[in-house]
Amino acid sequence: MEGVALSPKIEREADKLLTQIARADSMIIAAKAGARAEGFVLGLESARALNDATIEKLYVIFDSATEERLRTLAAT
């Protein structure tokens with residue numbers, strides 16, 4: 001989560017979600033993990049827990065991680 005200032009609790013949860021995406025062993029599991037991460041960010045956004053710029057960065061981080069994992073899985 002470089003470049004994103006998060007509270008320790010939110011950062012731990014975000015790291016767990018990124019790990020789930022990275023370790024997904026099928027495209028379905030990767031897509032589900034990506035959707036879970038998107039829901040996490042949506043919850044933070046709805047609760048106004050973070051500023052808009054940070055929310056946008058989180059969406060980009062999780063979307064990029066999910067897309068990369070899906071590309072990797074599709075290539076195998």
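The values are calculated or read from the model by the stated rules, or taken from the named source; none is laboratory data. Owing to the predicted nature of the structure, the values given are computational and were not obtained by experimental measurement. As a convention, Cβ positions derive from the backbone with ideal geometry for all residues, glycine included, and neighbour counts pool all protein chains shown. Remember, those area values only see protein heavy atoms, side chains included, never the ligands or the DNA or RNA. Shrake-Rupley method; radii C 1.70, N 1.55, O 1.52, S 1.80 Å.
General remarks:
- The convex hull around the C-alpha trace of the range 1-50, projected and averaged over every direction, spans 3.4 square nanometres.
- Accessible area per residue in Å² at 1.4 Å probe, computed on the range 15-68: 62 Å²
- For the chain, the share of accessible area belonging to carbon and sulfur comes to 54 percent (1.4 Å probe, ligands and nucleic acids excluded).
- Nearest 10 degrees, 0 to 90: helix 52-75 Cα axis against the chain principal axis: 10 degrees
- Within the shell defined by Cβ-Cβ distances under 13 Å, the residues around GLU38 carry a net charge of -2, with Lys and Arg each +1 and Asp and Glu each -1.
- Relative contact order computed over the chain (Cα-Cα under 8 Å; 6+ residues apart), in percent: 37 percent
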